[in-house]
Structures are given as structure tokens and as C-alpha cells.
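These notes concern the structure reproduced below.
The values are calculated or read from the model by the stated rules, or taken from the named source; none is laboratory data. These figures come from a predicted structure and were not determined experimentally. Virtual Cβ from ideal backbone geometry, glycine too; neighbours counted across all protein chains shown.
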Amino acid sequence: MSHRPGTKAVHAGVEPDPSTGAIMTPIFQTSTYVQTAPGDHKGYEYSRTHNPTRSALQRAMAELENGKHGLCFSSGMAAIDAVVKLLRPGDEVVSTNDLYGGTYRMFTKVFQEFGVKFHFVDMSDLSNVRSAVGPSTKLIWAETPTNPLLRIIDIEGLATIARERNCLLGIDNTFASPYLQNPLDLGADLVMHSVTKYLGGHSDVVMGALIVRDDALNERLAFIQNSCGATPGPMDCFLVLRGLKTLHLRMQRHCENGRKVAEWLQERPEVDRVYWPGFPDHANHAVAARQMRDFGGMLSFTLKSDNMGDATTILSHTKLFTLAESLGGVESLLGHPASMTHASIPREERLKNGLTDTLIRLSVGVEDVNDLIDDLAQAFDRLRK
Ligand SMILES: *Cc1c(COP(=O)(O)O)cnc(C)c1O
């Protein structure tokens, strides 16, 4: 029986341990398993290939994304690395242009050297995708909502193009989480997560995941996972299994707080633009409302001032919002794309894409939202001193 997302978050993947009855999946901290005769074992031989704690988590991931198979990796980047290893020299990839910086770096600095060609286009207009996809395109890769400008890309529209042109569609679903958006239901072949963010949810694990429905695709990816070996350890898998149980509660609060902070920012005289897909006048609001259950806890804003010093004043005076990379944990974080996550992109390029010097990104946590707003207010007040 298929359950609703909140029930799945609590129960997905986990059965009482058959050997002891333990309700929680134990941390199987072992590298190897006994064989009573060569090849005679209980399905586990070596922990790079299979580990029971990881198996439980992989089942949970598959259920949460309405997939059939889940594969966990030692980081989000390792998960994307496995996807690109499906390709061969000469193959081409069409990707979103405002891509996670680490993905952009891996595509252009690592895999381009191996003869894979990447095209980066603004996918909020699907005609750009249609013209970039050619006969050698084997993969369309998209993030939505995008980072840090929270553009929304129409996953069903991309799936139509991928089907017509016979290429795979992979969606990095990190920003939405499976609670807000399920790309496989919208026609994607493959979903990727940086589990580090909302799925782990407590800023204490680095991990990645892939979820697919197709058996043959799963086999190819599982072969790469085992052959290349970027698998997570059982302790980390346990922490994520624990985190998942409150995914729905956390996401509800992230969304609620995100909305209130976005609305508050929009009223501030110092603020120029607030990027949050829940606003009816957001350029892609209709698509967001159709493919997401709610609008999430990520948002960005720019100041009317174009002085980077003013952004720095805010960034260095919040007390609850911590200045740090990453997102999706219970605690609120803020970041400055121009000097942090997107510093490797030349300034001219950045400005062309709307990534101005005063753009500030918030990962709104699950604290009491009134305290979060008070914290931002006292940091804004510093601008007048
Ligand atoms: C963090 C992140 C990644 C990379 O994941 P790691 O777990 O840090 O390796 C990829 N995509 C997005 C959207 C991310 O936010």
C-alpha cells in the first residue's frame, strides 16, 4: 500500500531487525561477513558492495521518491560522478546554467577532460533546451529550484524533450527534498540528492543518493557504485535514517518560516528583490505551484545598495542565522554567493545572471520565526549606523 509522504518519512525502508527484534536498524559496523562455504552467505559479502544499514537507507530513499531502487554515495558529488560515468567520450550533456558550483566544477574541470561535452542553458525557457539537445546528447541534467536565484524549471516539460530525443533526464532534487517534489512522478529517469542537506537535516553528515525506477539503469549505477567505491559508512546511514523520520515535520516548518521571512523581507525599505517561488509574481510561480507541494525554506534577496560592504554588515551581524556554506539543516544559515559558493564564477558572468554583490541567500531553519525575524531586523538596523 502506498502511503502519504509524512507516513513514509517515519516508516520507509525500516523493518525490525530479524536477528534481535530491534525496532531501529542497527549500525552494522562491519566490513565483511562470514561465509559458511565459499559463496554460501546471507546476501552480504563485503560492505563496499552491501551493508544492511545502507540497504535500509537505500530502500527508504526509493520509497520517499516513489522510485524502485535507491543508491547511496559518500557525498552528493559522488552520486553525480556515478551518473556522468554512464557516459562515454563524445557524449553530450545539457545542463541548467545556474548550477550548484561543485557540479559545474566537476563537469567542466574533470569530465570535460575525458571528452564529455557540456552545454549550460537557462532552462526556465524550454526552447533553450530544445535547441541545445543534439544527436550526441545522452543526458539532460537540471536543478530546480535553482541556486541561488530560486528559478523553477518545468520537470514535465523537460521529460517530454528527453523522451522525444531519447536521452536520460536527471534531476538534482536537493533544494526541494522528496517531501516537496517527486521528479520521477513527473517523468524524470533519475533523481539525485545531496543527502547532506534536508534529508540528513541536522548538518552532521555528508552523503549523496540516486533514485531510479528502471531495473537496467539501477544495475548500471550499482555496478559503478561498487566498482568505483564511493559508498557511505553505516554510522552515517544510521544518522540519515534517524533524520528522515522527521523530514515532513521539518519541511513543514521550513516552508512556514520561509514564507514569513520572505514576506517580511519584501516590506523592508533596504531590500530590492526577494527571490522566493511562493510569491504570485515570481516568474515561474505557476510551475512551482504545479510541481511542488509547497515552496520550501530557501530564499535569496538583494539590497537596494550596490555596496558589498552593506551585505557584509548584515552577514556579520546576525546571531541566529550563522554565516556558513550548506543548507537544509534545522538551524538557519546565511551565505553570500558572490564571495562564497559562486566566487569561482567571473564577476561579469555573475552579474549577467543576476548574482549581484549584495545578493544574500538564506536557508531558513525551524526555529521560532519571530526570533529569526528579530535577528534579521537587528542586523538590518546596523546599516543605518
Ligand atoms: C550540496 C549540493 C550538492 C553537492 O552535495 P555534497 O553532499 O556536498 O557532495 C549538489 N547539488 C546541490 C543542489 C547541493 O546543494
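If the requirement is being touching a residue at least 60 places away in the same chain (Cβ under 8 Å), part of a loop (DSSP other than H, G, I, E, B) and among the small types (G, A, S), which of these qualifies: G90, G134, G201? Don't jump to the end; show me each part of the working.
Values: G90 fails: touching a residue at least 60 places away in the same chain (Cβ under 8 Å); G134 fails: touching a residue at least 60 places away in the same chain (Cβ under 8 Å).
Of G90, G134, G201, the one residue that is touching a residue at least 60 places away in the same chain (Cβ under 8 Å), part of a loop (DSSP other than H, G, I, E, B) and among the small types (G, A, S) is G201.
For L149, indicate whether it is more than 15 Å from the ligand (Cβ to nearest atom) and touching a strand residue (DSSP E or B) at 6+ places or on another chain (Cβ under 6 Å). So L149 does not fit the description; no.
For segment 205-228, filtered to residues that are within 16 Å of the ligand (Cβ to nearest atom) and over 16 Å from the mean Cα position of the chain (by Cα), the residue that is surrounded by the most Cβ atoms within 10 Å (Cβ to Cβ) is Q225. For segment 275-283, the criterion of being under 25 Å from the mean Cα position of the chain (by Cα) and hydroxyl-bearing (S, T, Y) is met by at least one residue. Residue pairs whose Cβ atoms lie under 7 Å apart, sitting 6 or more positions apart in sequence or on different chains, and linking a residue in segment 271-290 that is surrounded by fewer than 19 Cβ atoms within 10 Å (Cβ to Cβ) to a partner that is not small (G, A, S) and not in a loop (DSSP other than H, G, I, E, B), are V271/L265; V271/F301; V271/L303; D272/T302; D272/L303; R273/F301; R273/T302; F279/H285. Here V83 passes the criteria (1) of a type in the set (V, I, T); (2) out of contact with any helix residue (DSSP H, G or I) (no Cβ under 7 Å at 6 or more places or on another chain); (3) modelled with pLDDT of 95 or more; (4) outside any helix (DSSP H, G or I) except the one numbered (4). Can you report the number of residues in segment 89-124 which are more than 12 Å from the ligand (Cβ to nearest atom) and under 30 Å from S55 (Cβ atoms)? Count: 2.
Can you tell me how many residues in segment 182-231 are among the charged types (D, E, K, R) and closer than 18 Å to T103 by Cα?
Residues that pass the stated criteria total 1.
Only one of the listed residues (R151, R130) is within 19 Å of L186 (Cα to Cα), touching a Ser or Thr at 6+ places or on another chain (Cβ under 6 Å) and not β-branched (V, I, T). That residue is R151.
Does D236 qualify as being surrounded by 21 or more Cβ atoms within 10 Å (Cβ to Cβ), over 17 Å from N66 (Cβ atoms), away from the ligand (no atom under 16 Å from the Cβ) and under 18 Å from the mean Cα position of the chain (by Cα)? Against the criterion (surrounded by 21 or more Cβ atoms within 10 Å (Cβ to Cβ), over 17 Å from N66 (Cβ atoms), away from the ligand (no atom under 16 Å from the Cβ) and under 18 Å from the mean Cα position of the chain (by Cα)), D236 does not qualify.
Taking L334, is it surrounded by 17 or more Cβ atoms within 10 Å (Cβ to Cβ), in a strand (DSSP E or B) and within 16 Å of the ligand (Cβ to nearest atom)? The answer is yes for L334. Looking at R290, is it part of a helix (DSSP H, G or I) and more than 28 Å from V206 (Cα to Cα)? In short, yes.
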